[in-house]
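Nothing in this text is a laboratory measurement; each read-out follows from the coordinates by a stated rule. No experiment lies behind these values; they were computed from the predicted model shown. Note: ideal-geometry Cβ built from the backbone for every residue, glycine included; neighbour counts use all protein chains shown.
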Amino acid sequence: MTARKKHFETIYRNFNASISEKYDCGQFCAPLNNGDPVCCDVENAIPAASPPEWKVIKKRTNLWKKYKPDPDDKHAVAEVKDINETCVACVCKGAAKCERDNRLMACRSFPFFPYLTKEGEFIGLGYYWIFEDRCWVISNLQIVEHAFVKEFVDAYQMLIDVDEGEYEAFLEQSAQMRRIFSRRNEIIPIIDREGGYLKVLPKSGGKVEVADVNEFSKFGPFVSDKAYKKEVKRMEKIFAEID
Ligand code: SF4
Ligand code: SF4
């Protein structure tokens, strides 16, 4: 069985909470990305819709179109090819023209995906680790608010309950995260379904323990205020040269 129109309509209606009401996280990542929030810039993150979600969103709005990367950009071409094997790689009209009600699930949930244990239990929110150096939220999981966690969990529980393909995809994504973090010999930080914190131990077969948020790492320019300011200056200089 796959998710259908009614499931996405329900999800779009009920999954609207921001990651944080207190912090506009885009204010932290955008200065490092020439003013655009990283997750709203297709050069950084290519949104993907499952085939049923694509059908639903195309009927609601003309905000989205299929993404066709520059043929010379081999990395993007390969990524789009990979996405299009099961989903639709797409692009919106940009942050200035965002339609909040017509954001994809990918927008509503970024940078998180549902983390599933080896046994297939959906225990909480894992993050897309390739954005560790660009997404401020990943280095600041303590700001993620309960309302967001609840809506995220309700939305993805419904999706994986009705759609075997989505379930399998997140099972594999979680397994891949365990493999990579075991190689790195680092814990996987998880926000649990109630907004608390868990850690998956490396090289442990996926053993999960309760965590303190202070155990979670910070990355790249987000390791300290000093590092962040230095990186903003460096990037401003680069963008000025490009302009
Ligand atoms: S979720 Fe991450 S990448 Fe997206 S706007 Fe917030 S900090 Fe930036
Ligand atoms: S629809 Fe809005 S939230 Fe989603 S990528 Fe576009 S600008 Fe960002």
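Can you tell me the FRET efficiency between residue 183 and residue 59 if r is taken as the Cβ-Cβ distance and R0 is 41 Å, rounded to the nearest 0.05? The value I calculate is 0.45. Ratio of Rg to Rh for segment 5-242: 0.95 [Cα atoms; Kirkwood radius as inverse mean 1/r over pairs]. In plain terms, the chain from residue 72 to residue 34 could stretch by 11.5 nm, reckoned as 0.36 nm per residue minus the Cα-Cα distance. Here the contact order of the chain, divided by its residue count and restricted to Cα pairs under 8 Å and six or more residues apart, works out to 22 percent.
The GluC sites (Glu not before Pro) of segment 170-208 that DSSP puts in a loop, and whose beta carbon has at most 12 other beta carbons within 10 Å, are 194. Applying a DSSP loop filter and a limit of 11 other Cβ atoms within 10 Å to the trypsin sites (Lys or Arg not before Pro) in segment 189-243 leaves 203.
Two tests apply to each whole DSSP H helix in the chain, Cα reach of 20 Å or more along its axis and mean Kyte-Doolittle hydropathy of at least 0.0, and the ones passing both are 146-162. Length available on full extension from residue 143 to residue 43: 0.36 nm per residue minus the Cα-Cα distance, which gives 33.4 nm. Within segment 1-102, the GluC sites (Glu not before Pro) that combine a DSSP coil assignment with at most 16 other C-beta atoms in a 10 angstrom radius are 21, 43, 85, 99.
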